[in-house]
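Everything on this sheet refers to the single structure shown next.
The values are calculated or read from the model by the stated rules, or taken from the named source; none is laboratory data. As the structure is a computational prediction, the values presented were derived from the model and not from experiment. All Cβ positions, glycine included, derive from the backbone under ideal geometry; neighbour counts span all protein chains shown. Each accessible area value is taken on the protein alone, full model and side chains, heavy atoms only, with ligands, DNA and RNA left out. Shrake-Rupley method; radii C 1.70, N 1.55, O 1.52, S 1.80 Å.
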Amino acid sequence: MTLPTSIRPLAHRLLPALAALTLAVSCRVAAPTVQPAAATMPATFPATAATTDSTPLADQPWRQFFGDRNLVGLIDTALQANPDLRTAIQRIEIARANLQVQRGALLPTVNGVASAGVEKFGDYTLNGIGNYDTNLSPNIEGRQRIPNPTPDFFLGLRSSWELDLWGKLRQRRQAAYLRVLASEKGRHLVETALVAEVARLYFNLLGLDNELAVLGKNQRLQERALEIVKVQKQAGRANELAVQQFTAQLLRTRSLEAEAQQRIAASENELNRLLGRYPQRIARGLPILQQPLPTQVQAGLPASMLLRRPDVQQAELELVAARADVSAARAAFLPSLTLTPFIGVNAYRASVLFNSPGSLAYGLLAGLSAPLLNRNGLKADLRRSAAEQQIAYNDYQKAVQTGFEEVSTSLRGIGNYQRMFELQQQEVEALNKAVSVSDDLYKANYASYLEVVTAQRSVLDAELNLTNTRRQQFLLLIDLYRGLGGGWTPAPAAEPQR
């Protein structure tokens, strides 16, 4: 279009000013978000019973860490069939699909187009009058005359390509790439939790089995004692109160046995659910008191721990991805340059559509656009991205502090429960001797039936406490292994390209 001579000087002055104003307004973006200072991580874990074991606990593969073959088989089954782990794998696929979308945004789109249309121009419009005059021209004849209504046929290619001048699209691609890596760490996190939960339920089952054995042994002991006191009552050496006390103690032990059997059934069902199968019996290995415990445990330094924990790695990747989102949101305020070329055959008569080169049409449009008014959508997107970055930063700090707290608690617990177990072993030995002595003294009329009942009840409670302490030792060791980031295996799939 040619500008009238009278307004050309004005246009020459206004267009550069308008372009400068557009650039200036669009470049006014918010300042980067400043993160608050984080608390300094201690250089070492608190003083514990950790020793000079040369291999950090988390570096051991779970097949090596768990020596029980039955437990290893259960973990293998869970890693193949657990629904939560399968869901985590699908989340990786979703993240990969998002990466593919953002990667494609950097490339031009090319569409094959076949279009047909018709339009009737008014007699008092620019096109209507222009077409009428054109048809009256002596240079136009035959198929060159413009029909009314006017058809429009096009067959060819149309493209659109946004040039990434300010890195907006590259930042979005980077964020999507980092979230693929974060989803991989999320799978590792689910895997470590699954391995730890299967091991926890397995050792809980071993503990319940031992409780059942302790209750059975004490039940037989109490049945013999009840028979003795009944015989003594018939001989006039005991009364009905003694018989009822021994009977009540036996009934209590039988009720505890029924409770233990129910807890075993519930634990087996829960473990089978983690394995992705319906309830069935769980094969066990050695009894819990015969299961070996490592004599030395080394956690390593906190900074090294962070390199292994999947939740810390995932939170760190999410934080970097959130920063890329903020950069992309800030770049959206800047002008964008879009190229829209096309090439094809175009005509208003189908019969001449493929008359080449006469019907050949091509063009290129370069458009520079920038948001000037009503930028609320861009501002809201920037605020949202900045808030999500802050949330990611808080989640990262929380993951680091949680990991430090879990490892510290487990390390202290391993030492404390080892001391408890040793003392409770001595307590059980002493109470077993007390039961034997009280039984002999009762038969010789040197002890009352209450002393026998008390001794039997005390040894039962002590043996149950000993079983629970050993179970807690294994659970703390599992928590430490998980807390240090142990229990996951590298993904077999290749790392996605940026």
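Hey, rough spin-label estimate for Asp152 and Lys217, points 7 angstrom out along Cα→Cβ, what's it come to in nanometres?
Simple spin-label model gives 9.4 nm for this pair.
For the cross-link pairs Lys217/Lys433; Lys168/Lys379; Lys230/Lys433; Lys185/Lys398, which exceed 19 Å when the distance is taken from alpha carbon to alpha carbon?
Too far apart for the 19 Å limit: Lys230/Lys433.
Of the peptides 211-224, 281-294, how do they stack up when ordered by the mean number of other Cβ atoms within 10 Å, highest first?
For the peptides 211-224, 281-294, the packing ranking is 211-224, 281-294.
Please identify the longest segment of the chain free of exposed chymotrypsin sites (Phe, Trp or Tyr not before Pro), where exposed means a DSSP state other than H, G, I, E or B and no more than 13 other Cβ atoms within 10 Å.
That would be 125-353.
Using a 7 Å offset from Cα along Cα-Cβ at Ala97, what residues in segment 180-207 end up with backbone N under 15 Å from the label point?
180
Using the heavy atoms of the protein chains and a 1.4 angstrom probe, tell me the accessible area per residue for segment 127-253 in square angstrom.
Accessible area per residue, segment 127-253: 48 Å².
Wrap a convex hull around the Cα atoms of the chain, take a quarter of its surface area, and give that in square nanometres.
40.5 nm²
If you plug each phi of segment 346-351 into the Karplus form 6.51 cos²θ - 1.76 cosθ + 1.60 with θ = phi - 60°, what whole-Hz ³J(HN,Hα) values come out, in order, with x for Gly and Pro?
So the J values, rounded to whole Hz, are 9, 7, 9, 10, 4, 5.
Residue-wise, which Karplus ³J(HN,Hα) couplings in Hz belong to segment 457-468, taking 6.51 cos²θ - 1.76 cosθ + 1.60, θ = phi - 60°, and x for glycine or proline?
Once rounded to whole Hz, the list reads 5, 5, 5, 4, 5, 5, 5, 5, 5, 5, 4, 5.
Relative contact order for segment 356-467: what percent, with Cα pairs under 8 Å and sequence separation of 6 or more?
22 percent
Only Cα pairs under 8 Å and at least 6 apart count here; give the relative contact order of segment 222-329 as a rounded whole percent.
Normalised by residue count, the contact order of segment 222-329 is 12 percent.
Just grab the label-to-label distance for Trp161 and Arg145, each label 7 Å out from Cα along the Cβ direction, in nm (one decimal).
Calculated label separation equals 4.3 nm.
Run the paramagnetic zone check for Asp59: 7 angstrom along Cα to Cβ, then residues of segment 472-488 with backbone nitrogen under 18 Å.
481-488
Using a basic spin-label model with each label point 7 Å from the Cα along Cα→Cβ, how many nm lie between Ala447 and Asn135?
12.4 nm
Extension gain Asn111-Asn432, at 0.36 nm per residue separation less the Cα-Cα distance, in nm?
106.9 nm
Counting only protein chains, not ligands or nucleic acids, how are Ser448, Ser351 ordered by accessible area (probe 1.4 Å), most first?
Ser351, Ser448
Calculate what fraction, in whole %, of the accessible area of the chain sits on carbon and sulfur atoms when a 1.4 Å probe is rolled over the protein chains.
57 percent
Using a Förster distance of 30 Å, how high is the FRET efficiency between Tyr278 and Gln90, based on the Cβ-Cβ distance and rounded to 0.05?
Rounded to the nearest 0.05, the efficiency is 0.85.
Where the centre of each part is set by its Cα atoms, how far does segment 214-238 sit from segment 375-438, in angstrom?
A separation of 46 Å, based on Cα centres.
Return the sequence-ordered ³J(HN,Hα) values of segment 431-443 in whole Hz as given by the Karplus equation 6.51 cos²θ - 1.76 cosθ + 1.60 applied to θ = phi - 60°, using x for Gly and Pro.
For segment 431-443, the Karplus curve yields 6, 5, 5, 5, 5, 5, 5, 5, 5, 5, 5, 5, 5 Hz.
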